[in-house]
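First up is the structure itself, then whatever we jot down about it.
The values are calculated or read from the model by the stated rules, or taken from the named source; none is laboratory data. For clarity, every value in this text was computed on a predicted model and none was experimentally measured. Here the Cβ positions follow ideal geometry from the backbone for every residue, glycine too, while neighbour counts run over all protein chains shown. These area figures cover heavy atoms from the full protein model, side chains too; ligands, DNA and RNA do not enter into them. Shrake-Rupley method; radii C 1.70, N 1.55, O 1.52, S 1.80 Å.
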Amino acid sequence: MNLRIKDNGIAPDSEEAAQALKVLKAWARSASEAELAALDPEARRLLRNTPDYPVFRRDYPHDFTADADYKAGLPDLQNGPASLIKGQKRVIQHVGISNFRLPIRYHTRDNGDLTLETSVTGTVSLEAEKKGINMSRIMRSFYQHAERTFSFEVMEAALDAYKSDLESFDARIQMRFSFPMKIESLRSGLSGYQYYDIALELIEQGGTRRKIMHLDYVYSSTCPCSLELSEHARETRGQLATPHSQRSVARISVELAEGGACLWFEDLVELARKAVPTETQVMVKREDEQAFAELNAANPIFVEDAARLFAQALHDEPRVGDFRVVASHQESLHSHDAVSVLTEGETFAAQSLDPKLFQTLFHVG
């Protein structure tokens, strides 16, 4: 049967539409799979009410069990042949998952073990001839070790597990958390908890492993130039003036020296505080606020000074190998920030920076 509807700008009536659907269904009963697959998607949807179209269950099958044979037959596109690769067949240096969270128990130097919410990033390398990886295997491998109190040795065991499971040559684990330390005020005797953003990173590349610790240290920086100009106004004109100071952040990244003693979280915080003592305060009374003003006046620093002071402290610490200091003084005088980057060794050397690196140093409390 041939059905022709003239394209004269007049819409078909219901009888003509019903006749067209009847023709389509008659054709579908004898059409091949390839012909059905090539059919316009809107036309295929019209065939769903035909006896030949399967009727799917719409309720969740609570009684269904996926046995070994069923699971073995499930499609796995990520482990498919290289012919499925889209784009250029290239090695991917890092592919995996970021920011899956779980509670992790950590050793501390002063307060026993602490359980902290931790954000984990796990990645592996992917060879040019492989389509992809099964992301969930990274999580499963990590969970096998998550109940243990974490250290770099436990991180290495987790990295070994998913590196082997995914048959990759390079791998990386990064764990981020907020670490609490009780800090005493300067004069009043009060104390409160300061929280430090810390990340642990274990990297294997080219058969070499590196253990890295990152710390965001928040401090106040008083501009030396502004301090001198303020004093000049007082001395020469009897004019009250105040130097400008601002909340500042240094991201300190250190490679742990191979075979060295443990560098505790508290050790790195105290090293930073010794280098630049004007850390922002937690609990203050009036005497503490006055003391903080005096402390800032005794330690005025440009952003260049901050980078070098941190670098000197890190250089003198035998448990630290290569390091990097990224400092940002979030100016109260200018509408922009003053920044500096100082690196030691090859681990952190880079010609290019993340375009939003300094924005990530903004501390919101």
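Size of segment 136-233 from its Cα atoms: along the principal axes, largest to smallest, the extents are 68, 32, 21 Å. Taking a ≥ b ≥ c as the square roots of the Cα gyration tensor eigenvalues, with a/c under 1.5 meaning rounded and otherwise prolate when a/b beats b/c, else oblate, which class fits segment 251-365? Oblate shape, in that a/c is at least 1.5 and b/c is the bigger or equal ratio. Only Lys, Arg, Asp and Glu carry charge here, each on its Cβ (+1 for the first two, -1 for the last two); on that basis the chain has a dipole of about 1120 debye about its Cα centre.
Among the protein heavy atoms of the chain, carbon and sulfur supply 50% of the accessible surface, probe 1.4 Å, non-protein parts ignored. Rounding to the nearest 10 and keeping the result within 0 to 90°, find how far the Cα-based axis of helix 286-298 lies from the longest principal axis of the chain. Helix 286-298 sits at roughly 80 degrees to that axis.
Toward the positive end of the charge dipole of segment 213-311, with +1 on the Cβ of Lys and Arg and -1 on the Cβ of Asp and Glu, the farthest Cα among F292, L271, G260 is that of F292. Seen from all directions on average, the chain presents a Cα convex hull projection of 33.8 nm². Ligands, DNA and RNA aside, I97 has an accessible area near 30 Å² when probed at 1.4 Å. Using a probe of 1.4 Å on the protein chains alone, the accessible area found for S226 is around 20 Å². Between segment 79-113 and segment 325-365, what's the alpha-carbon centroid distance in Å? For segment 79-113 versus segment 325-365, the Cα centre distance is 26 Å. With K and R counted +1 and D and E -1, the other residues having a Cβ less than 11 Å from that of W264 yield a net charge of -2.
Evaluated over the chain, the count of Lys pairs having alpha-carbon atoms less than 27 Å apart is 21 (only pairs 8 or more residues apart or interchain).
Protein-only accessible surface at a 1.4 angstrom probe places the residues H94, H145 in the order H94, H145, largest first.
With a sphere of radius 9 Å drawn around the Cβ of T123, what net charge do the other residues whose Cβ falls strictly inside it have (Lys, Arg +1; Asp, Glu -1)? In short, 0. When trypsin sites (Lys or Arg not before Pro) are flagged only if DSSP places them in a loop and at most 10 other Cβ atoms lie within 10 Å, the longest unflagged stretch of the chain comes out as 91-355. In the context of the full set of protein chains, segment 215-304 has a per residue accessible area of 51 Å² (1.4 Å probe). The local environment of G321, defined by Cβ-Cβ distances under 12 Å, has a net charge of -2 under the rule Lys, Arg +1 and Asp, Glu -1.
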